[in-house]
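Visitor: Mind looking over this structure? Questions follow.
The values are calculated or read from the model by the stated rules, or taken from the named source; none is laboratory data. The model shown is predicted, which means the values in this text are computed figures rather than measured ones. Reconstructed Cβ throughout: ideal geometry from the backbone, glycine too, with neighbour counts over all protein chains shown. We work out accessible area using only protein heavy atoms, side chains counted, and drop any ligands, DNA or RNA first. Shrake-Rupley method; radii C 1.70, N 1.55, O 1.52, S 1.80 Å.
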Amino acid sequence: MPTDTKRLRGPEVSQSPSLFLCRPPAVLPSQGPRADGRQRDQVDVRPVFVRCGLVSQAKGSAYIEAGNTKLMCCVYGPRETERKDETDMKCGRLTTDMRFAPFSCPERGSWIQGSQDKDFSLMLHESLQPAICLHKYPRSQIEVNVMVLENSGSVLAHAITCASLALADAGIEMYDLVLGCSVRQDGASCVVDPSYEEESNCSSGSSENQGGLTVAFLPSLNQISGLQSDGEMTEEILTAGVRTCIEGCYKLYPVIQQALAKAVRKAAPPPSES
């Protein structure tokens, strides 16, 4: 039998890397500090690292890292739209595509876009469209592509922030930046910017006040452009969750402003010597 010379053969005796993975407890405690040291019932978001202009082939790009959650966004356009109708003659079209890399989640996925990817893409589109001046780009379309490199919770909220930053880096005219924040309600306590384990964990036996909330917020205009909620929560809990998400967005705003200003200074031409 011929030998396959193009395949890297591993050792004859090997073990799966999942055997050495430190698995979290099956049920996370609903009281006391969280697993990463943050406090419950407080606007305690993870430290964020942001960088613009990493992909030279794209008109604009951004990378965001919050804890172990890592996302990359690329913006292409404005370019001439392929399908022309009466709407496109007056204003432009925004297309969004959000996908998970196969290695981004603990359970390996596929490159084919699933139902969750389509739902996130639709939510991303609804959150970004009110902030973009599409009437300035008639007969054209703007493409926003988000790739989740590692999913450690709150991917939709950070995808909204990353996409907004990439649009600003591309020079697309916008009314305001769009920032995202998530809250997970577990009974009487809530966690801001939940991790992957906290999103998939339900420690209390009762199904009352169990759910998640993601808010897309325009900080300068003080307006909400998108909201996604799942689970079962009362009106008071939902209202308090929206306010908590807005406070979390205001905490992220200086970091996003600083990253965008740094990218603008880097791209600006050097002053001329007269």
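Visitor: Given +1 on the Cβ of Lys and Arg, -1 on the Cβ of Asp and Glu, and no further charges, what dipole in debye does the stretch 89-138 carry about its Cα centre, rounded to the nearest 20?
Guide: 280 debye
Visitor: Give me the percent of accessible area attributable to carbon and sulfur for the stretch 138-206, probe 1.4 angstrom.
Guide: About 47 percent, which is the carbon plus sulfur part of the accessible surface.
Visitor: For the stretch 120-159, just the Cα set please: Rg and Dmax, both in angstrom.
Guide: 12.5, 39
Visitor: At a Förster distance of 51 Å, what's the computed FRET efficiency of Ser115 paired with Ala268, Cβ-Cβ distance as r, to 0.05?
Guide: 0.75
Visitor: Report the local net charge at Thr161: Lys and Arg +1, Asp and Glu -1, summed over other residues whose C-beta lies under 14 Å from its C-beta.
Guide: The answer is 0.
Visitor: In the stretch 213-274, which GluC sites (Glu not before Pro) fall in coil by DSSP and have 15 or fewer other Cβ atoms within 10 Å?
Guide: Within the stretch 213-274, the qualifying GluC sites (Glu not before Pro) (loop, at most 15 other Cβ atoms within 10 Å) are Glu273.
Visitor: On to the next question. Grab the beta carbon distance between Gln42 and His135, set R0 = 45 Å, and tell me the FRET efficiency rounded to 0.05.
Guide: 0.65
Visitor: A further question on this structure: Just to check I understand the Karplus step: with θ = phi - 60° and J = 6.51 cos²θ - 1.76 cosθ + 1.60, what whole-Hz values come out for the stretch 124-133, glycine and proline as x?
Guide: Once rounded to whole Hz, the list reads 5, 5, 5, 7, 8, 4, x, 8, 9, 7.
Visitor: Viscosity 0.890 mPa s, temperature 25 °C: give me the Stokes-Einstein translational D for the stretch 38-267 in µm²/s, with Rh taken as the Kirkwood radius over C-alpha pairs.
Guide: It comes out at roughly 136 µm²/s.
Visitor: In whole Hz and in residue order, list the ³J(HN,Hα) couplings for the stretch 240-253 that follow from phi through the Karplus curve 6.51 cos²θ - 1.76 cosθ + 1.60, θ = phi - 60°; x for Gly and Pro.
Guide: Ordered by residue, 3J(HN,Hα) equals 5, x, 5, 5, 5, 5, 5, 4, x, 5, 5, 5, 7, 4 Hz.
Visitor: Ignoring ligands, DNA and RNA, how do Arg139, Arg265, Arg99 rank by accessible area with a 1.4 Å probe, largest first?
Guide: Of Arg139, Arg265, Arg99, the descending order of accessible area is Arg265, Arg139, Arg99.
Visitor: Further question on the same structure: Would you mind listing how long the stretch 139-274 runs along its three principal axes, going by Cα atoms, in whole Å with the largest first?
Guide: Sorted largest first, the three principal extents are 72, 34, 31 Å.
Visitor: Another one. Of His158, His125, His135, which has the most accessible area and how do the rest follow, probe 1.4 Å?
Guide: Descending order: His135, His125, His158.
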